[in-house]
1. State all residues of the range 13-36 that are farther than 22 Å from Glu106 by Cβ and not in a loop (DSSP other than H, G, I, E, B); if no residue qualifies, say none.
2. Sort through Phe116, Phe102 and tell me the only one that's closer than 30 Å to Met1 by Cβ, in contact with a strand residue (DSSP E or B) (Cβ under 9 Å, 6 or more places away or on another chain) and open to solvent by less than 60 Å² (accessible area, probe 1.4 Å).
3. Hey, among the residues in the range 86-99 that are β-branched (Val, Ile, Thr) and open to solvent by 20 Å² or more (accessible area, probe 1.4 Å), which one's nearest to Glu6 (Cα to Cα)?
4. If Thr64 satisfies every condition in (1) touching a residue at least 24 places away in the same chain (Cβ under 8 Å); (2) farther than 19 Å from Val122 by Cβ; (3) hydroxyl-bearing (Ser, Thr, Tyr); (4) open to solvent by 50 Å² or more (accessible area, probe 1.4 Å) but one, which is the exception?
5. Is it the case that Ile59 is in contact with a strand residue (DSSP E or B) (Cβ under 8 Å, 6 or more places away or on another chain) and among the β-branched types (Val, Ile, Thr)?
6. If Ala10 passes every condition in (1) open to solvent by 10 Å² or more (accessible area, probe 1.4 Å); (2) of a type in the set (Gly, Ala, Ser); (3) not in a helix (DSSP H, G or I) but one, which one does it miss?
Amino acid sequence: MPTPDELRAAVATYVATINGRDPAAIAALFTEDAVQADPADQPPNVGREAITAFFTGGIAASDTWTFEATEVHTCGATAAITFRIAIAMGETTMTVSGIEVFEMAEDGRFSSVRAFWDGADVTMS
């Protein structure tokens, strides 16, 4: 089982990799059969190929983004974070605030992540 410090380090790597905007690098943080749902009530992306496609689409639809984990909480092999992502799209910036819950596998990669947010958590400027 990962230690709290290992989970926090994995989340820090995730944040840096998300901000690097390289879909393959992001997907490499997950197990081969990982499940990723963003938001959690949508059909999940299952496997690295689907996760890569999800992030490829998000990168293509935006000019830049800044992702931050404002709080990190750990318990066993689970990390829950509060996050904020500001996504620039032309003259508009969409900011989403929410919670992500990660499960870490034995190999130190994430086996699942679910993002919790809805329209009330989105602002446009």
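The values are calculated or read from the model by the stated rules, or taken from the named source; none is laboratory data. Keep in mind that what you see is a predicted model, and the values were worked out from it rather than measured. Cβ sites come from the backbone with ideal geometry, for glycine too, and all protein chains shown count toward neighbours. What goes into the accessible areas is simple: the full protein's heavy atoms, side chains included, and nothing from ligands, DNA or RNA. Shrake-Rupley method; radii C 1.70, N 1.55, O 1.52, S 1.80 Å.
1. Taking the range 13-36 as the starting set, the residues that turn out to be farther than 22 Å from Glu106 by Cβ are 15-16, 18-24.
Once the filter is applied, which keeps residues that are farther than 22 Å from Glu106 by Cβ and not in a loop (DSSP other than H, G, I, E, B), the range 13-36 yields Val15, Ala16, Ile18, Asn19, Gly20, Pro23, Ala24.
2. Values: Phe116 fails: open to solvent by less than 60 Å² (accessible area, probe 1.4 Å).
It is Phe102.
3. Ile99
4. (2)
5. no
6. Single failed check for Ala10: (3).
Matching residues to (1) open to solvent by 40 Å² or more (accessible area, probe 1.4 Å); (2) in a helix (DSSP H, G or I):
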{"site": "Ala40", "(1), (2)": "no, no"}
{"site": "Pro43", "(1), (2)": "yes, no"}
{"site": "Ile51", "(1), (2)": "no, yes"}
{"site": "Thr56", "(1), (2)": "yes, yes"}
{"site": "Glu68", "(1), (2)": "yes, no"}
{"site": "Glu71", "(1), (2)": "yes, no"}
{"site": "Ala79", "(1), (2)": "no, no"}
{"site": "Arg84", "(1), (2)": "yes, no"}
